[in-house]
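Trainee: Here you go, one structure.
The values are calculated or read from the model by the stated rules, or taken from the named source; none is laboratory data. Remember, predicted model here, so these are calculated numbers, not experimental data. Note that each Cβ is placed from the backbone with ideal geometry, even for glycine, and that neighbours are counted across all protein chains shown.
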Amino acid sequence: MEPQVRLRPPANRVDPRAVRYWMTGEAISNGVVVVVLGVLAILIEPARAWLLLALGVALLIGIPYMIIMPIWRYRVHRWEVTEDAVYTLTGWLWQEWRIAPMSRIQTVDTQRGPLEQAFKLSSVTVTTASAAGPLKIKGLDHEIAAELAQKLTEVTQAHRGDAT
């Protein structure tokens, strides 16, 4: 008989460096938009006023978003692994709690993009047969992510189940 797994808030926060990582990612995205609009405003004189207006709106929305979203997201994002399940809480405006019982886990992956590597962070993806998709734990210290992937692999191999 499989143990009862209940939805509850996970205990662990992501790494504090995730805040700077998310801010940097947003700064890069916003910077691209601002540069493109600025260059177009210089090159296309008849549309200059509209392009500068769009640039101003992009800055007006982008800068507060770049500052507020990572801080708020850090306060929300949680994860935990027990002997029975993987728990995640993600999002910032729209929050999602997820549980993956160990017997249902199919694969465990780690990812490190260039920006994550610069901040010494990684993401862990736990794939199940769920239609809701995989559980993703983003913003982990790269060493903790490697240990977590190893632990999940060992625990899932020890659980008997069809992982469906």
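Trainee: Condition first: under 18 Å from Asp84 (Cβ atoms), assigned to a helix (DSSP H, G or I) and at pLDDT 90 or above. Can you find one or more residues in segment 126-148 that meet it?
Mentor: Within segment 126-148, one or more residues are under 18 Å from Asp84 (Cβ atoms), assigned to a helix (DSSP H, G or I) and at pLDDT 90 or above.
Trainee: Of these, Thr88, Thr107, which one is hydroxyl-bearing (Ser, Thr, Tyr) and over 30 Å from Val32 (Cβ atoms)? First the steps, then the outcome.
Mentor: On the way: Thr88 fails: over 30 Å from Val32 (Cβ atoms).
That would be Thr107, the only listed residue that is hydroxyl-bearing (Ser, Thr, Tyr) and over 30 Å from Val32 (Cβ atoms).
Trainee: Taking Val155, is it assigned to a strand (DSSP E or B) and either of a type in the set (Asp, Glu) or more than 12 Å from the chain's Cα centre (by Cα) (or both)? Even if it seems obvious, please write down each step before you answer.
Mentor: Details: assigned to a strand (DSSP E or B): no; either of a type in the set (Asp, Glu) or more than 12 Å from the chain's Cα centre (by Cα) (or both): yes.
So Val155 does not fit the description; no.
Trainee: Within the bounds of segment 100-121, is there any residue that is touching a Leu at 6+ places or on another chain (Cβ under 6 Å) and either of a type outside the set (S, T, N, Q) or modelled with pLDDT of 90 or more (or both)? Spell out the reasoning first.
Mentor: From segment 100-121, those touching a Leu at 6+ places or on another chain (Cβ under 6 Å) are 100, 108; that's our starting set.
In the following step, the residues that additionally are either of a type outside the set (S, T, N, Q) or modelled with pLDDT of 90 or more (or both) were identified as 100, 108.
Scanning segment 100-121 turns up at least one residue that is touching a Leu at 6+ places or on another chain (Cβ under 6 Å) and either of a type outside the set (S, T, N, Q) or modelled with pLDDT of 90 or more (or both).
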